[in-house]
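Reviewing the structure listed below.
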Amino acid sequence: MPSEYADLLIQLAATNAHPTVYQVTAELDDGTVFSGPTSPLDEAALNAVAQDVVGYGQALRSFLFAGELAQVWPAARARASALFAGRLRVRLRIEPSAATLQRLAWEKLIPDGASGTIPWSTSARTPFSRYLPLARAEAPPVGERPLRVLVAMASP
């Protein structure tokens with residue numbers, strides 16, 4: 001069954017170049033890959049706007065989509081708009097080498113300056129998740145039908 005969403009996987013890993021600069025690899029489901037460094041992470045600036053969803057989301061965008069990586073979101077949105085009625089699934093994978101980034105509120109990221117104040121996790125058209133790869137192969141889909149389900153409900 002084909003996906004009803006375009007898929008964007010963003011991976012973050014530490015680099016040896018600078019302790020607050022990370023390597024980003026973003027891959028679309030059509031095989032298009034974008035790669036490059038983030039801008040330096042300024043945790044003090046992020047903490048200063050932690051209660052301001054828009055300010056925090058825009059600061060995360062500036063950190064993640066720096067330089068040539070600014071093309072990731074427009075390319076992903078264009079693909080989603082052309083083929084999937086604007087639906088784009090976003091998965092964020094933070095490598096163990098970049099564990100410092102796990103504590104950031106990625107759900108608040110505002111990916112597009114044009115959309116202004118809408119974090120990517122609040123739209124039904126852009127489901128967002130933090131992605132953790134499995135150490136084993138995925139199980140095959142259930143082949144036997146019908147499935148039987150037991151449901152038990154308590155009356156309040």
Sort 58-69, 39-50 for me by packing, meaning the mean count of neighbouring Cβ atoms within 10 Å per residue, highest on top. 58-69, 39-50
Sequence of ARG79, ARG148 once ranked by neighbouring C-beta atoms within 10 Å, starting from the fewest: ARG148, ARG79
Sort segment 1-64 into rounded, prolate or oblate with this rule: let a ≥ b ≥ c be the square roots of the eigenvalues of the Cα gyration tensor; rounded if a/c is under 1.5, and if a/c is not under 1.5, prolate when a/b is larger than b/c, oblate otherwise. oblate
With springs connecting C-alpha atoms under 10 Å apart, model the chain as a Gaussian network and identify which of GLN11, GLN51, GLN102 has the largest mean-square fluctuation. GLN51
Taking the C-alpha atoms of segment 6-130, how large are the radius of gyration and the largest Cα-Cα span, Dmax, in Å? 13.7, 40
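Coordinate-derived values only; no laboratory data. Predicted model only: the values in this text are computed from it and were never measured. Quick reminder, even Gly has a Cβ in these numbers, built from the backbone with ideal geometry, and neighbours come from all protein chains shown.
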